[in-house]
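A short write-up of the structure that comes next.
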Amino acid sequence: MANLKPVPSAREFDLSRDSLRQLNLYLHKHAVGEGISQIRVQHPDGAHSIACGLDADLDVQIHGHVGYYVAGMNQLATVTIHGNAGPGAAENMMSGRVHVKGFASTSAGASAHGGLLVIDGDASLRCGISLKGADIVVGGSVGSFSAFMAQAGRMVICGDAEDALGDSLYEAVIYVRGRVRSLGADARFEPMTDTDRAAVKGLLSLAGRSEDPGTFKRVASAKSLYHWHADANQEY
Amino acid sequence: MCGIVGLLVKKPSLRHQLGALMVPMLTGMTERGPDSAGLAVYTTPVPPGRRKLSLYSGEHPVDWSELLGRVRHAIAETHEIAAHGNQAVLTTAAEADQVVSWLKRHAPGVAVLSVGQSIDLYKDVGAPADIARRYRFSELHGTHLVGHTRMATESAVTPAHAHPFTAGRDFCLVHNGSLSNPHLVRKHLEPLGIEFETDNDTEAACRFFEWRLREGDDLEQAVERGFSQLDGFFTFLMGTDQELLIVRDAFACKPAVVAETDDYVAIASEFRSLAHLPDIGQASLFEPKPEEIYSWRI
């Protein structure tokens with residue numbers, strides 16, 4: 001039998017040479033058909049919308065810092081940023097995994113429905129705002145208004161949280177290890193159960209972290225604002 | 001939306017590269033601010049007893065040497081002028097206020113963009129790359145600079161509405177964001193004799209801070225006071241002859257990234273304006289936290 005040439009399974013894009021459009025078009029239309037599952041991106045240099053809207057099981061490794069909306073709307077793909085991310089990383093993610101090795105700017109994981117977002121460094125304000133079912137693990141601290149109006153999903157914060165953590169929470173649950181400067185309206189600390197500790201352990205393990213799950217506090221909705229009571233003179 | 005850029009070089013040997021390092025920063029912010037751009041650069045100060053005025057003649061060409069002749073005739077002091085098209089720097093031994101009021105009366109087509117000992121100011125409408133070429137930004141030397149690319153949301157697209165705004169001596173400010181109470185601030189300042197040149201919200205902030213500096217605050221104290229007086233969204237980048245300062249509002253809606261090395265401090269709305277800088281891979285990178293004041297001195 002004739003020797004078969006090895007079929008390449010990886011492809012590299014260099015954004016100092018290749019256009020962002022070329023890269024995203026390739027990820028959307030051609031990678032799967034060509035049997036390519038690993039894509040390496042060099043010199044992202046803060047470009048916006050890198051690897052947005054992916055819908056296949058691709059492994060995208062981005063070497064450098066990225067701008068707005070990296071891996072937004074992600075489905076199935078694994079996107080790793082070996083650097084920092086601009087605003088809206090993994091916003092509206094549906095599934096898959098996005099890993100920011102540096103820090104993430106505002107609104108990381110906003111409205112994400114599913115999948116896992118891992119941020120090794122700090123996340124800025126509004127991390128996980130309007131979270132709708134995804135899991136977020138932040139190795140560092142989060143800025144103010146994180147998990148604002150989060151409806152479903154889980155958020156693990158290994159560091160501290162600034163003001164108004166979990167304001168107007170619905171069913172999402174937050175686990176925080178450090179100091180919380182203030183809780184938002186209707187958010188409250190609740191006792192950690194074995195189920196919570198197991199959930200935190202599982203998420204930390206998925207994120208490649210080793211903090212002791214017993215050192216986290218649970219924050220969830222007190223549900224006093226859960227329904228609007230027109231005749232209760234309700235205040236926010 | 002707007003773009004801001006700031007650069008302070010720590011090593012005197014880099015001062016001649018200030019403009020060349022900055023131009024890609026400014027043009028990198030074109031998508032955030034395509035309609036106007038401007039720049040304040042802090043240069044070697046003029047000798048004591050002198051001050052310089054950045055002048056701008058807009059679309060109407062001015063014979064700068066003819067103007068210099070008239071200034072010399074009217075005010076018996078030493079005056080020099082260095083012109084680049086519709087922008088010129090007038091260096092004078094006269095009191096700045098005297099020259100400014102003479103220009104207002106006798107050269108109404110000439111706008112005074114800045115007054116000080118170190119500051120040179122350029123601003124105009126058009127694409128940032130065109131403006132950078134028009135005024136040869138890449139050739140600028142100095143210790144630090146404050147730049148801006150504008151996408152107008154609050155007021156008209158004119159050179160006067162472009163940033164940086166200046167007030168007093170050697171002070172400038174650029175702004176990404178929008179203030180919701182500029183008219184209230186103005187109503188407070190005008191009875192104190194502070195005059196406004198435009199209806200722009202950023203001018204209100206600029207004149208507020210400069211008023212506080214004249215009242216004895218240092219820049220950090222003025223900014224602290226601003227937190228309770230200026231309502232709205234802002235990332236402000238400010239310059240004095242000694243200092244570069246950045247501050248973001250409590251909600252940090254408007255982005256900013258700082259890169260610092262042993263050689264420089266570079267600030268931009270987004271990392272993509274910093275990516276070209278030398279040794280950026282080794283720079284310490286961070287986003288200014290809300291309502292925290294970051295400043296660097298030359």
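Assorted remarks:
- Scanning segment A:39-71 for residues that are among the charged types (D, E, K, R) and either closer than 18 Å to B:Phe286 by Cβ or buried (at least 19 other Cβ atoms within 10 Å of the Cβ) (or both) yields a single hit, A:Asp45.
- Members of segment B:246-272 that are over 28 Å from A:Phe145 (Cα atoms) and hydroxyl-bearing (Ser, Thr, Tyr): B:Thr261, B:Tyr264
- Selection status of A:Arg181, within 14 Å of chain B (Cβ to nearest Cβ), of a type in the set (Lys, Arg) and either surrounded by 22 or more Cβ atoms within 10 Å (Cβ to Cβ) or in contact (Cβ under 8 Å) with a residue 12 or more places away in the chain (or both): yes
- Close pairs (6 angstrom Cβ cut-off, 6 or more residues apart or separate chains): β-branched (Val, Ile, Thr) in segment B:152-172, part of a loop (DSSP other than H, G, I, E, B) anywhere: B:Val157/B:Asp35
- Residues of segment A:98-117 that turn out to be outside any loop (DSSP other than H, G, I, E, B) and either assigned by TED's automatic domain parsing to the domain that holds A:Leu203 or surrounded by fewer than 24 Cβ atoms within 10 Å (Cβ to Cβ) (or both), as a count: 2
- Among the residues of segment B:221-228, at least one is of a type in the set (Ser, Thr, Tyr) and more than 15 Å from the chain's Cα centre (by Cα).
- Residue match in segment A:23-33 (condition: small (Gly, Ala, Ser) and buried (at least 18 other Cβ atoms within 10 Å of the Cβ)): yes
- A count restricted to segment B:1-33 and to residues that are more than 24 Å from B:Glu154 (Cα to Cα) and assigned to a loop (DSSP other than H, G, I, E, B) stands at 2.
- Of the strands (runs of 3 or more DSSP E) that lie entirely inside segment B:172-283, those containing 3 or more residues that are under 28 Å from A:Asp163 (Cβ atoms) and within 14 Å of chain A (Cβ to nearest Cβ) span B:257-260.
- If you go through segment A:72-97 and keep only what is surrounded by 20 or more Cβ atoms within 10 Å (Cβ to Cβ), in contact with a Ser or Thr (Cβ under 8 Å, 6 or more places away or on another chain) and either within 14 Å of chain B (Cβ to nearest Cβ) or on the phi < 0 side of the Ramachandran plot (or both), you end up with A:Gly72, A:Asn74, A:Asn84, A:Ala85, A:Gly86, A:Pro87, A:Gly88, A:Ala89, A:Glu91, A:Arg97.
- Residue count for segment A:163-177, restricted to those that are outside any strand (DSSP E or B) and either at positive phi or more than 16 Å from the chain's Cα centre (by Cα) (or both): 9
The values are calculated or read from the model by the stated rules, or taken from the named source; none is laboratory data. These figures come from a predicted structure and were not determined experimentally. Positions of Cβ are backbone-derived with ideal geometry, glycine not excepted, and every protein chain shown enters the neighbour counts.
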